[in-house]
Amino acid sequence: MRLRNIPRAWGVLNECKEVVKNESEYRGRWQEVFGNSNPVHIEIGMGKGQFLLALARQNPKINYIGIERYSSVLLRAVEKLSDDSEAPPSNIRFICMDARNVTDVFAFGEVDCIYLNFSDPWPKARHAARRLTSREFLARYHKILVSDGVIEFKTDNRLLFDFSVAEVNASSEFVLKGCTYDLHHDIEMNQGNIMTEYEEKFSALGNPIYKLIARREP
């Protein structure tokens with residue numbers, strides 16, 4: 001999918017203090033960025049930021065970092081933050097980068113939780129390695145998560161979900177700890193669920209939402 005380029009995006013992002021520049025310089029030093037030793041949770045493919053912003057407001061003792069590849073999309077999250085009637089929470093940061101470089105930005109054991117929400121399904125078989133739940137990405141996540149760190153993945157795409165479950169089950173680095181094919185009707189898995197913009201849209205159409213939780217093995 002081609003996204004419309006917004007010429008002013010980088011200017012706005014560079015002026016936003018919540019957007020981290022030269023992010024690889026902070027590898028192993030994210031506690032310094034936040035000024036505390038609280039756990040770090042990241043969302044890869046954060047979109048317009050509704051999910052992450054809600055989490056940051058609910059959990060001030062957790063540091064949240066949203067990763068988005070496209071400046072035009074991250075711009076929307078920054079605008080949402082500035083348009084909000086509440087002051088931006090101090091425990092949220094954004095990075096504009098390709099998720100394939102995640103190990104260049106976070107050190108071993110520096111992340112406690114990774115959220116993947118409604119990721120691009122990359123439906124063609126030859127693009128399977130680009131899927132954020134592929135074994136190639138699982139290997140990257142294993143390098144940055146703490147020993148009992150988790151991945152939480154939600155989607156409305158059944159083929160992508162089945163692929164993701166199979167990739168986790170085939171991995172020696174992660175174990176499947178939770179799995180549902182109808183999140184909003186699963187009392188246990190839906191407890192405390194925060195919906196993304198896509199989740200609201202797809203569930204309103206009657207589409208089931210799928211979710212898995214995978215835990216990093218030592």
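Here are a few things to note about the model shown:
- Atom-type composition of the exposed protein surface of region 145-218 places 50 percent of the accessible area on carbon and sulfur (1.4 angstrom probe).
- Non-local lysine pairs in the chain, meaning eight or more places apart or on different chains, with alpha-carbon distances under 15 Å, amount to 7.
- Among the GluC sites (Glu not before Pro) found in region 80-168, those both in a DSSP coil and sparsely packed, with 16 or fewer other Cβ atoms within 10 Å of their Cβ, are Glu86.
- Sulfur and carbon atoms: percent of accessible area, region 1-111 [1.4 Å]: 46
- Proximal charge balance of Leu212 [Cβ under 9 Å; K/R count +1, D/E count -1]: +2
- At most 14 other Cβ within 10 Å, DSSP loop - trypsin sites (Lys or Arg not before Pro), region 119-171: Lys124
- Accessible surface, per residue, of region 60-218 when the full set of protein chains is kept, probe 1.4 Å, Å²: 48
- Which label in (i) 1.35; (ii) 0.98; (iii) 1.02 gives the computed Cα Rg over 2.2 N^0.38 Å: (ii)
- Note on the chain: with charges restricted to the Cβ of Lys and Arg (+1) and Asp and Glu (-1), its dipole about the Cα centre is near 640 debye.
The values are calculated or read from the model by the stated rules, or taken from the named source; none is laboratory data. A quick note: this is a predicted structure, and the numbers were derived from the prediction, not measured. So basically every Cβ, Gly included, is an ideal-geometry build from the backbone, and we count neighbours across all protein chains shown. The area values use the complete protein model at the heavy-atom level, side chains included, leaving out ligands, DNA and RNA. Shrake-Rupley method; radii C 1.70, N 1.55, O 1.52, S 1.80 Å.
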